[in-house]
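Written out below as structure tokens is the structure these notes cover.
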Amino acid sequence: MLLDKLGNWRKTHYTKDVTPELVDNEIILGGWVRNFRDLGGLKFISLQDKYGERQITVKKGVVSDELFEKTKVGYQYCLMVKGTVKKFNSAPGGIEIIPSEIKILNKTPEKLPIDMTGETISELDLRLNNRALDLRSLRNQAVFEIRGEMLRTIRSFLLERAFSEVSTPKIIGSATEGGTELFPIMFFEREAFLTQSAQLYKEQLSGIYERVFELSDCFRAEKSRTKRHLCEIFTLDVEMAFVTMDDVMTLLEKLVHNVIKDLRENKMGELKILKMENMTELPELPFPRYRYEEIINLINDKLGLDLEFGEDPGKLTSEAYRKLGEELSGYYYITHWPMSIKPFYIMPSEDPKYSESFDLQKGMLELTSGGTRVHNKVQLEDALESKGLNPISFESHIKTFDYGMPPHAGFGLGIDRWLTILCGLDDIREAVMYPRTPDRLTP
Ligand code: AMO
């Protein structure tokens, strides 16, 4: 069969806009066949577009014989349908479209590599191998609609509070987080790296614009094959001048609260598709705050482990991690980490064994790290040396501390991890359109 041409047809509506007010009107929809049923004299097509789906009802005697014969479709065929909107209570949304013309714009092989009807969920690697198809599923549409809403709410929340959105380089000359886990690249004849975080630049910019944020990709050369690690991550970086970590923690918990409130108000349909309408609950403010030592004691007492001061609870086995998540299932802060396991830019506490730092956790998952930063140049140079780093490699950064760097604090939040939680996904790779892990460079 020859394919139809688009010609002068243009969509008049998206499926979500086809409401009962449009009954008896002629419309043009476009999209893909999610499902179809052929009952002999009656054919049903679920036509899906970026916002949802509508039922197209093709009944012998009601549509022309030519159209009835032509309507032989397969899963994910690309169609445009011109037709009249009718009320039909048992159709999704209480509406059906009676077509007068259908254009088949593209076809698919008889057997698709993954299930697209929504009846079963194919295995994740198979879905990722066929991601452009997989992303069309109603479930994935819900996940990425929620991601878009999260980013919009984050932006407006911060812009309303005198933040400036900034963009910092992703090709860098030396480490930001202190050495390891960088991807080297060739920058003409020189070696360069893909950035791990906006850390140093956002600190510098907080000395100019006072309150800055960035939403961007960062690269982590970690060979961690877990359900919570990626090699390319998307983070929210925030930095504020003239504050300490307490102010930043108050801002962050309000931000988290605001995003969830907005999702519950505006994306309930998507949460329902993901069966998260009762799970993605509005957390109470303020979030509980535990010092690092309290968490270590809790893990040792409740979970029968033997962690010592200075160990990173993040390095726990997944079993212990799961148990910690059962013990503390909501959002909570872990503060005052040992200085020995924090980066050079973090401010030591009055007792320098501890640091002015925090993580925001949701159950077993670390969502954010942050803290008060060192803003005194000499102290920063000493901190670099004490971490075994060469101040010469950080010269251009340190120089900026000569020109009136204000006290400042900030945090970095992993958007992919947060989306995983908000959508109740099992694996972080599901929260990224095209994930990068040690085993995955395509698609
Ligand atoms: P950190 O290295 O903790 O802090 O990163 C911030 C947040 O990013 C997320 N994240 C990851 N997500 C998926 N896969 C990974 N491999 C991965 N690594 C990190 C986590 C984490 O909490 N500069 C500091 C932040 C700051 O102090 O402002 C930083 O990058 O959710």
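Before moving on, here are some points about what is shown:
- Residue count for the range 359-388 satisfying the condition of being more than 15 Å from the ligand (Cβ to nearest atom) and out of contact with any helix residue (DSSP H, G or I) (no Cβ under 6 Å at 6 or more places or on another chain): 7.
Yes/no matrix, rows are residues, columns are (1) away from the ligand (no atom under 12 Å from the Cβ); (2) within 20 Å of the chain's Cα centre (by Cα); (3) modelled with pLDDT of 95 or more:
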| position | (1), (2), (3) |
| --- | --- |
| Ile346 | no, no, yes |
| Ser357 | no, no, yes |
| Asn390 | yes, no, no |
| Thr420 | no, yes, yes |
| Leu425 | yes, yes, yes |
| Arg440 | yes, yes, yes |
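- Residue selected from the range 231-251 under the condition within 14 Å of Leu151 (Cα to Cα) and out of contact with any Asp or Glu (no Cβ under 6 Å at 6 or more places or on another chain), by the criterion nearest to the ligand (Cβ to nearest atom): Thr235
- Cβ-Cβ under 7 Å pairs, at least 6 apart or on other chains, the range 419-434 side under 11 Å from Leu124 (Cα atoms), far side open to solvent by 20 Å² or more (accessible area, probe 1.4 Å) and more than 13 Å from the ligand (Cβ to nearest atom): Asp427/Leu124; Arg429/Leu124; Glu430/Leu124
- Selection of the range 146-162 for residues being hydrophobic (A, V, I, L, M, F, W, C) and either open to solvent by less than 20 Å² (accessible area, probe 1.4 Å) or under 15 Å from His257 (Cα atoms) (or both) yields Ile146, Met150, Leu151, Ile154, Phe157, Leu158.
- Residue match in the range 236-247 (condition: modelled with pLDDT of 95 or more, of a type in the set (Phe, Trp, Tyr) and in a loop (DSSP other than H, G, I, E, B)): yes
- Residues of the range 383-395 classified as in contact (Cβ under 8 Å) with a residue 40 or more places away in the chain and either open to solvent by 80 Å² or more (accessible area, probe 1.4 Å) or part of a helix (DSSP H, G or I) (or both), total: 4
- Any hit, the range 189-209, residues being within 14 Å of the ligand (Cβ to nearest atom), among the β-branched types (Val, Ile, Thr) and either in contact (Cβ under 8 Å) with a residue 60 or more places away in the chain or not in a strand (DSSP E or B) (or both): yes
- Filter result for Met405 (open to solvent by 10 Å² or more (accessible area, probe 1.4 Å), more than 14 Å from the ligand (Cβ to nearest atom) and under 12 Å from the mean Cα position of the chain (by Cα)): no
- Evaluating Val378 against the criteria (1) touching a residue at least 12 places away in the same chain (Cβ under 8 Å); (2) open to solvent by 30 Å² or more (accessible area, probe 1.4 Å) leaves one unmet condition, (1).
- Listing of helices (runs of 4 or more DSSP H) fully contained in the range 265-378 that carry 2 or more residues being under 30 Å from Arg152 (Cα atoms): 268-273
- Residue ID - farthest from Ile260 (Cα to Cα), chosen from residues in the range 104-139 that are part of a helix (DSSP H, G or I) and touching a residue at least 40 places away in the same chain (Cβ under 8 Å): Asn129
- Candidates Pro313, Pro343, Pro338 - the one that is buried (at least 17 other Cβ atoms within 10 Å of the Cβ) and not assigned by TED's automatic domain parsing to the domain that holds Pro407: Pro313
The values are calculated or read from the model by the stated rules, or taken from the named source; none is laboratory data. Just so we're clear, the structure is a prediction, and the values are computed from it rather than from any experiment. Note that we place each Cβ from the backbone using ideal geometry, even for glycine, and neighbour counts take in every protein chain shown. Calculation scope for accessible area: heavy atoms of the full protein, side chains included, ligands and nucleic acids excluded. Shrake-Rupley method; radii C 1.70, N 1.55, O 1.52, S 1.80 Å.
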